[in-house]
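The values are calculated or read from the model by the stated rules, or taken from the named source; none is laboratory data. Here the structure is a predicted model, which is why all the values come from computation and not from measurement. Using ideal geometry, Cβ is built from the backbone for each residue, glycine included, and neighbour counts are taken over all protein chains shown. Remember, those area values only see protein heavy atoms, side chains included, never the ligands or the DNA or RNA. Shrake-Rupley method; radii C 1.70, N 1.55, O 1.52, S 1.80 Å.
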Amino acid sequence: MIAYIERFIHENDSESRPTDDEKDQLPNIRHSLDLQGTINCVDTGLAGKDFGGLYTCEPLALIRPASPDDVARVVEAAYRSPNLTVAARGNGHSINGQAMSDGGLVMDMRSTEGNHFEVVRMNGETFVDVSGGALWEDVLKRCVSEYKLAPRSWTDYLGLTVGGTLSNAGVSGQAFRFGPQTCNVAELDVVTGKGELVTCNENENSELFFGALGGLGQFGIVTRARVAVQPAPDMVRWIRVVYAEFEDFTRCAEWLVTRPEGESFDYVEGFVFVNSVDDPANGWPTVPLDPDQGFDPSRIPRTAGSVLYCLEVALHYQKTDHPSTVDKAVNSLLGRLGFIEDMKFQVDVSYVEFLLRVKHVEVSARANGTWDAPHPWLNMFVSKRDIADFDRVVFKRMLKNGVGGPMLVYPLLRSK
Ligand SMILES: Cc1cc2nc3c(=O)[nH]c(=O)nc-3n(C[C@H](O)[C@H](O)[C@H](O)COP(=O)(O)OP(=O)(O)OC[C@H]3O[C@@H](n4cnc5c(N)ncnc54)[C@H](O)[C@@H]3O)c2cc1C
């Protein structure tokens with residue numbers, strides 16, 4: 001099945017259109033499926049593209065399952081057929097056609113988003129059961145507004161589904177403390193490649209559990225995930241500080257991510273930007289957190305090179321905390337960091353607003369058309385040993401004029 005999908009995705013040639021045989025199978029499959037949800041063979045456009053915009057394809061049908069049973073029936077039908085393939089689609093924010101199936105069946109998991117939402121206490125810990133097709137932004141809003149709880153580990157952007165990020169990793173500025181989202185799940189319901197609905201966790205059906213987490217949908221389709229949650233803070237102090245030297249930037253970031261819990265920030269990320277005012281997508285204008293904050297270039301040392309570095313951190317707090325307590329905690333950490341003097345930008349925002357910060361980027365990118373442009377994005381893990389060379393060759397030379405968008409770089413701990 002994987003090879004079949006790979007052929008269609010990667011070759012994308014005329015052979016990859018649905019064959020007449022495959023089209024002929026559809027009425028039979030449709031009849032035998034007896035779905036509560038819908039099956040659409042005409043308006044399948046959504047399933048033929050993704051955020052990457054690098055590949056397109058033509059699926060045989062777009063299915064909107066209503067329940068895990070529907071998902072199981074579709075997968076079982078594909079399993080029984082000689083050559084039909086099936087792919088789960090979360091919110092289609094992959095960049096390389098991972099959620100596509102040219103000539104096959106694509107399941108729009110968003111149609112199942114309302115199936116699960118329940119807070120569960122287990123062995124003294126608290127979890128929330130959510131649907132594989134739920135958007136993280138909706139999980140956040142419900143958890144905070146109904147229970148004042150929140151998952152611990154996030155992605156930067158939350159217009160992604162639970163199943164979509166758990167099939168990858170789900171990495172953001174909390175991963176140094178809690179690990180990626182895949183490390184914050186206690187249990188899954190998964191529809192296997194044979195169309196069986198199986199509950200799995202690290203003790204029960206553990207191979208399936210660890211296969212499905214980070215498995216790009218190739219080990220089964222997640223219909224429910226039990227996600228670890230913690231009490232949600234009310235507020236976040238969100239801070240950016242600027243560095244001229246990569247060595248100082250990485251030393252400070254690495255120091256922060258190795259501090260014990262309670263003695264560091266709650267979120268640590270960073271990015272590289274172009275040392276230029278003329279570049280609205282890569283340069284100085286990308287750093288201030290508020291339109292009223294100015295970027296004063298006279299502070300940048302003369303020795304600075306083609307790119308500068310921004311460390312981005314955040315501290316959680318409650319509305320009941322005294323402002324001086326928050327200031328003290330922030331200043332004591334910032335006082336240990338060696339950023340360019342006075343190159344500091346900070347705002348206080350609600351916790352939900354902080355986690356939804358990339359939504360504003362989406363709104364303006366949709367308005368100016370760049371959201372629909374191709375996104376040949378690359379994520380990579382670089383070892384500590386090589387990161388200085390990476391900076392020297394890649395950031396300072398190859399990407400000295402930027403990439404027309406963000407270049408994030410932040411440390412993670414192997415132990416997480
Ligand atoms: C603007 C933007 C910002 C991002 N930021 C981050 C970030 O900060 N950190 C990060 O880690 N990632 C980030 N990503 C990447 C993102 O996590 C992945 O692309 C993710 O897979 C997208 O989720 P999706 O719901 O759109 O999944 P899709 O693209 O629809 O699917 C992704 C893969 O998961 C499979 N899949 C989907 N649903 C299920 C399911 N229920 N069960 C099993 N398999 C399933 C699909 O078959 C496919 O292989 C970002 C992406 C975008 C577009």
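At-a-glance table
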item	result
Amide H partners (placed H, <5 Å) of residue 224, local residues excluded	132, 189
Computed accessible area, residue 399, all protein chains, 1.4 angstrom probe, square angstrom	40
All Cα pairs of region 224-345, percent lying beyond 24 Å	33
Probe 1.4 Å, all protein chains present, accessible-area order of 143, 41, 57, largest first	41, 57, 143
Accessible area in square angstrom per residue, region 235-408, 1.4 angstrom probe	56
Region 342-416 and region 76-142: distance between their alpha carbon centers, rounded to Å	26
Debye-sum result for the chain in log10 I(q)/I(0), which assumes one identical scatterer on each alpha carbon, at q = 0.11, 0.12, 0.14 Å⁻¹	-0.89, -1.02, -1.28
Nearest 10 degrees, 0 to 90: helix 20-33 Cα axis against the chain principal axis	90
Radius of gyration and Dmax over the Cα atoms of region 117-231, both given in Å	13.0, 39
Long pairs among 49/359; 194/416; 141/400; 344/384; 359/416; 148/359, criterion Cα-Cα beyond 31 Å	194/416; 141/400
Environment charge of residue 342, counting only residues whose C-beta is closer than 11 Å and scoring Lys/Arg +1, Asp/Glu -1	0
Residues with amide H under 5 Å from that of residue 39, placed H, sequence gap 5 or more	64
Heavy-atom SASA rank of 79, 55, 157 (probe 1.4 Å, accessible area, largest first)	79, 55, 157
Accessible surface ranking that places the most exposed of 153, 306 first, with a 1.4 angstrom probe	306, 153
q = 0.15, 0.19 Å⁻¹, region 259-416: log10 I(q)/I(0) [Debye, one scatterer per Cα]	-1.04, -1.57
Helix-only CD estimate at 222 nm, as mean residue ellipticity for the chain, using -39500 (n - 2.57) per DSSP H run (n ≥ 4)	-7000 deg cm²/dmol
Residue 392 - accessible surface, heavy atoms, 1.4 Å probe, Å² rounded to 10	110
Net charge, residue 359 excluded, C-beta distance under 14 Å - Lys, Arg +1, Asp, Glu -1	-2
Region 404-412 - phi-based ³J(HN,Hα) in whole Hz, Karplus 6.51/-1.76/1.60, Gly and Pro as x	x, x, x, 10, 7, 8, 8, x, 10
Surface accessible to a 1.4 Å probe, per residue, for the residues of region 101-213, Å²	36
Note, ³J(HN,Hα) from phi for region 273-283, Karplus 6.51, -1.76, 1.60, rounded to Hz, x at Gly and Pro	9, 7, 7, 7, 7, 7, 10, x, 8, 10, x
Rg to Rh, two decimals, where region 250-289 supplies the alpha carbon set and Rh follows Kirkwood	1.15
Quotient of C-alpha Rg and 2.2 N^0.38 Å, computed over region 69-176	1.21
Kirkwood hydrodynamic radius of region 40-86, from inverse mean 1/r over distinct Cα pairs, in Å	12.0
Convex hull projection area averaged over all views, region 298-379, Cα basis, nm²	8.7
Fraction of accessible area attributable to carbon and sulfur, the chain (%, probe 1.4 Å)	50
Nearest-10 value in Å² for the accessible area of residue 109, using the 1.4 Å probe	10
Amide proton proximity set for residue 126, modelled H, under 5 Å, gap of 5+	229
Simple Cβ-charge dipole of the chain, Lys/Arg +1 and Asp/Glu -1, about Cα centre, in debye nearest 20	820
